[in-house]
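These notes are about the structure you will find just below.
The values are calculated or read from the model by the stated rules, or taken from the named source; none is laboratory data. The structure presented is a predicted model; accordingly, all values stated were derived computationally and were not measured. Cβ placement follows ideal geometry from the backbone for every residue including glycine, while neighbour counts extend to all protein chains displayed. We work out accessible area using only protein heavy atoms, side chains counted, and drop any ligands, DNA or RNA first. Shrake-Rupley method; radii C 1.70, N 1.55, O 1.52, S 1.80 Å.
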Amino acid sequence: MVGMRIAVLGAGSWGTTVASLLAGHNDCTVWARDPELAREIYERDANSRYLPGFTLPSNLKATADLEKAVHDADLLVVGVPTHGFRAILVDIRPYLRPWIPVVSLAKGFERGSLLRMTQIIREELPGHPPAALTGPNLAKEIMAGQAAASVIATEDLAVARALQSVMQRGLFRIYTNHDVIGCELGGAMKNVVAIATGMSPLSRNRTLGEQLGAGRTLDEILGSTRTVAEGVGTAFTVHELAERHNVQMPVCREVYRVLNGEIPASEAYRGLRIQAGHEREPG
């Protein structure tokens, strides 16, 4: 699986980074919703909106035409946010070749249905092997050439190994895993924990959580940035899942309460009360 035709949907920071990695040995096209952004990527080898200061591979193609992006792809990578994930799959369905693998880059759950992204792929694109690429990855670190690791999760490990060989590049190491549910849950919930650490006085991360900790409202923060903080939506869906299945998740609950406007960030975590379980019992 070398020299494949690959379509990456979504030209945000992470979608563009993954497309840049894939363009190293493949015919890769990234789809951008904004024609001006697609033109900048294709003609100037740059994405100044989401990756300012970085030069993209000269052979990376870009388009704002969905049909052109996906009609002859051997592999589809979907890097749009969770709230637009299902809609983009519906839009590309008439143009997609049969049976090609579909890899999700999105970390989170669909609001309302509470479905994971690979579940949505199964619903909207039956017959296409679904996979998830997930890990503690920062786009700008990877673009800068720093070492990073991720996991490609799919039920068929033969497919996982084939995807690993295509997507792994240089210092970006990819592991394989058949625990799709665990990988998607971990990838989604780490974003909620990232917000939590940003609200801690010991953390000075420039994250949404830090800005909440500084007293800004969620609407103010979201209104001042182009990027999507997936942890916001995930906090609400995780809270709903925890309530539905009676799972105690005190950190996620506090993040939810802050984002929902129930308490200010300064009051979060003052009393993380959870009933002691087996691991706290003596002996």
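For the reader, a short list of remarks on this structure follows.
- Options THR55, VAL103, GLY84, ranked by Cα towards positive dipole end of the stretch 45-108, top entry (Cβ charges): GLY84
- Fraction of accessible area attributable to carbon and sulfur, the chain (%, probe 1.4 Å): 50 percent
- Helix-only mean residue ellipticity at 222 nm for the chain, each DSSP H run of n ≥ 4 adding -39500 (n - 2.57), per residue, nearest 500: -11500 deg cm²/dmol
- Counting only residues at least eight positions apart within a chain, or on another chain, the lysines with an alpha carbon under 20 Å from that of LYS190 are LYS107, LYS140.
- Sparse-neighbour loop sites [trypsin sites (Lys or Arg not before Pro); the stretch 72-129; at most 14 other C-beta within 10 Å; DSSP]: ARG111
- At most 14 other Cβ within 10 Å, DSSP loop - chymotrypsin sites (Phe, Trp or Tyr not before Pro), the stretch 69-154: TRP99
- Computed 3J(HN,Hα) for the stretch 172-187, one whole-Hz value per residue from the Karplus formula 6.51 cos²θ - 1.76 cosθ + 1.60 where θ = phi - 60°, is 8, 9, 10, 9, 10, 7, 9, 7, 5, 4, x, 5, 5, 5, x, x, glycine and proline marked x.
- Accessible-area ranking of MET249, MET167, largest first, probe 1.4 Å: MET249, MET167
- Distances between placed amide hydrogens fall under 5 Å for ILE174 paired with SER150, all partners being 5 or more residues away or on another chain.
- Proportion of all alpha-carbon pairs of the chain beyond 31 Å (%): 29 percent
- Its relative contact order, with pairs defined as Cα atoms under 8 Å and 6+ residues apart, puts the stretch 42-176 at 16 percent.
- Only beta bridges with both residues in the chain are counted; by DSSP, about 15 percent of them are antiparallel.
- Within the straight-line cut-off of under 12 Å between alpha carbons, the aspartates and glutamates reachable from LYS61 are ASP27, GLU40, GLU43, ASP45, sequence neighbours fewer than 8 places apart in one chain being disregarded.
- For the chain, accessible area per residue (1.4 Å probe, heavy atoms of protein chains only), Å²: 51 Å²
- Think of each Lys and Arg Cβ as +1 and each Asp and Glu Cβ as -1; about the Cα centre, that makes the dipole of the chain roughly 400 debye.
- Rounded D (µm²/s) - the stretch 29-119, Kirkwood Rh over Cα pairs, Stokes-Einstein at 20 °C, 1.002 mPa s: 150 µm²/s
- Pairwise Cα distances in the stretch 65-168 exceed 24 Å in 24 percent of cases.
- Length gained on full extension, HIS71 to SER58, computed as 0.36 nm times the residue gap minus the Cα-Cα distance: 2.5 nm.
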